[in-house]
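Before any comments, here is the structure.
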Amino acid sequence: MRILLVRHGETDWNRQGRCQGATDLELNETGVRQAEKVAAYLTKEEIRAVYSSNLKRAIQTADVICRSHGLVVTIEDSFRELHHGMLEGLTLPEIQTAFPDFIQKWRQAPAELLIPGGERLIDVAGRTWEGMNGIVQCHRSDATLVVVSHNFPILAVLCRITGIHLDRYRSFHIDPCNVSHIRYTQDEGWSLAEFRGEKLESRPASQNNAI
């Protein structure tokens, strides 16, 4: 089974470098174009199902992909973004000013650190992994699935598959609407087939999650 992990398209807060974990923003014009490009890229795939987190930016991206395959989006709450709590809407400089102790600890060991008013990265990894294992049980072994999610859930999956500790999530960099190809077989389990399979549009790091 092949699963294509797609990060949602750009929002205004992505462009501004703001944390937007649980904040339910829609795609901006650039994000819509990115979604259209990734949908065009995926037209050659025989996709059986498209899953999305329950946040608008992911659903919009997934809906564009669905149109060319005659599918409807299946919402899976476990694929939602890390809740950034009191960091929501803040840029990195603002976080460094308001939460200097937190950001220092986050830089060193983020996995089990509770974000003020939010959640832990390790908990995001757990629910995302549960969601991934759940969807593969619903489809034939030769199916190709699309999962539209967010930065941290996708990073967590990539770390889990490659054996990289979650504290080192920065080993991977995911631009809006990039596609990562992973595989699952009952005998061999999970593997990473291709990381950032198609770089659809370059984005400076400031336009990704602030932390």
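The values are calculated or read from the model by the stated rules, or taken from the named source; none is laboratory data. Just so we're clear, the structure is a prediction, and the values are computed from it rather than from any experiment. With ideal geometry, Cβ positions are generated from the backbone for all residues, glycine too; neighbour counts draw on all protein chains shown.
Table for the structure above
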read-out: Test: His181 is surrounded by fewer than 17 Cβ atoms within 10 Å (Cβ to Cβ) and not in a helix (DSSP H, G or I); value: no
read-out: Every residue from the range 59-73 that is part of a helix (DSSP H, G or I), in contact with a Leu (Cβ under 8 Å, 6 or more places away or on another chain) and not aliphatic (A, V, I, L, M); value: Gln60, Thr61
read-out: Some residue of the range 122-143 being over 30 Å from Glu188 (Cα atoms), part of a helix (DSSP H, G or I) and either of a type in the set (Gly, Ala, Ser) or modelled with pLDDT of 95 or more (or both); value: no
read-out: Selection from the range 1-18 of residues that are within 14 Å of the chain's Cα centre (by Cα) and part of a loop (DSSP other than H, G, I, E, B); value: His8, Gly9, Glu10, Thr11
read-out: Restricting the range 161-173 to residues that are out of contact with any helix residue (DSSP H, G or I) (no Cβ under 6 Å at 6 or more places or on another chain) and in contact (Cβ under 8 Å) with a residue 12 or more places away in the chain, the residue that is nearest to Tyr41 (Cα to Cα); value: His173
read-out: Selected residue (criterion: nearest to the chain's Cα centre (by Cα)) from residues of the range 34-58 that are part of a helix (DSSP H, G or I) and touching a residue at least 40 places away in the same chain (Cβ under 8 Å); value: Ala58
read-out: Any hit, the range 76-87, residues being over 21 Å from the mean Cα position of the chain (by Cα) and at pLDDT 95 or above; value: no
read-out: Scan of the range 184-211 for residues that are over 22 Å from Arg107 (Cβ atoms), of a type in the set (A, V, I, L, M, F, W, C) and either exposed (fewer than 15 other Cβ atoms within 10 Å of the Cβ) or at pLDDT 85 or above (or both), ordered by number; value: Trp190, Leu192, Ala193
read-out: Subset of the range 74-117 [closer than 30 Å to Ala49 by Cβ and in a strand (DSSP E or B)]; value: Thr74, Ile75
read-out: Residue among Arg127, Arg140 that is in contact with a helix residue (DSSP H, G or I) (Cβ under 9 Å, 6 or more places away or on another chain), touching a residue at least 24 places away in the same chain (Cβ under 8 Å) and either within 18 Å of Gly21 (Cα to Cα) or among the charged types (D, E, K, R) (or both); value: Arg127
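Here's the yes/no breakdown for (1) among the aromatic types (Phe, Trp, Tyr); (2) buried (at least 19 other Cβ atoms within 10 Å of the Cβ); (3) touching a Gly at 6+ places or on another chain (Cβ under 9 Å):
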site: Leu71; (1), (2), (3): no, no, no
site: Leu82; (1), (2), (3): no, yes, yes
site: Ile95; (1), (2), (3): no, yes, no
site: Pro110; (1), (2), (3): no, yes, no
site: Val148; (1), (2), (3): no, yes, no
site: Phe152; (1), (2), (3): yes, yes, yes
